[in-house]
Amino acid sequence: MKTPTESSLRVKLPWAKKKPEGDLEENALEEFRRELARLHVVLPPTMIYAGDEDATLLRFLRARKLDITKSLKMLQDTIAWREKEGVNNILTE
């Protein structure tokens, strides 16, 4: 059996798609960015998927079916967990 390649996984896994698909995702991403800015939430650089902040934010939005409130909570919880556990510093230690 063949091992899936990174490109084949991107086709099958919705969170791996880097760009918004359609107006709903585009609008949700814009609203999510506004809410993050309003709350002064900043993603740690080590958390940005493939160097693309939009791709990272889309992963959280898609995981919560574009619900801004749920996506924000999930993102804030993830950032807090990463800080508590020192995940952002693992490669520098």
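Candidates in region 39-67 are the residues that are of a type in the set (D, E, K, R) and within 28 Å of G86 (Cβ to Cβ); of these, the one that is nearest to the chain's Cα centre (by Cα) is R59. Under the condition of being at pLDDT 95 or above, closer than 15 Å to V42 by Cβ and open to solvent by 30 Å² or more (accessible area, probe 1.4 Å), the residues counted in region 53-79 number 2.
Please go through region 49-78 and pick out each residue that is hydrophobic (A, V, I, L, M, F, W, C), assigned to a helix (DSSP H, G or I) and touching a helix residue (DSSP H, G or I) at 6+ places or on another chain (Cβ under 7 Å). Full working, then the answer.
Within region 49-78, the subset hydrophobic (A, V, I, L, M, F, W, C) is 50, 55, 57-58, 60-61, 63, 66, 68, 72, 74-75.
Restricting the remaining residues to those that are assigned to a helix (DSSP H, G or I) gives 50, 55, 57-58, 60-61, 63, 68, 72, 74-75.
A55, L57, L58, F60, L61, A63, I68, L72, M74, L75, listed by residue number.
Residues in region 36-49 that are modelled with pLDDT under 95 and not aliphatic (A, V, I, L, M): 4 in all. Counting the residues of region 1-35 that are modelled with pLDDT of 85 or more and open to solvent by 80 Å² or more (accessible area, probe 1.4 Å) gives 8.
Of all residues in region 36-48, how many are in a helix (DSSP H, G or I) and open to solvent by 50 Å² or more (accessible area, probe 1.4 Å)?
4
The values are calculated or read from the model by the stated rules, or taken from the named source; none is laboratory data. Quick caveat: nothing in here was measured; it's all calculated off a predicted structure. In this analysis, Cβ positions are derived from the backbone assuming ideal geometry, glycine residues included, and neighbour counts consider all displayed protein chains. When the accessible area is computed, the model is the full protein with side chains, heavy atoms only, and any ligands, DNA or RNA have been set aside. Shrake-Rupley method; radii C 1.70, N 1.55, O 1.52, S 1.80 Å.
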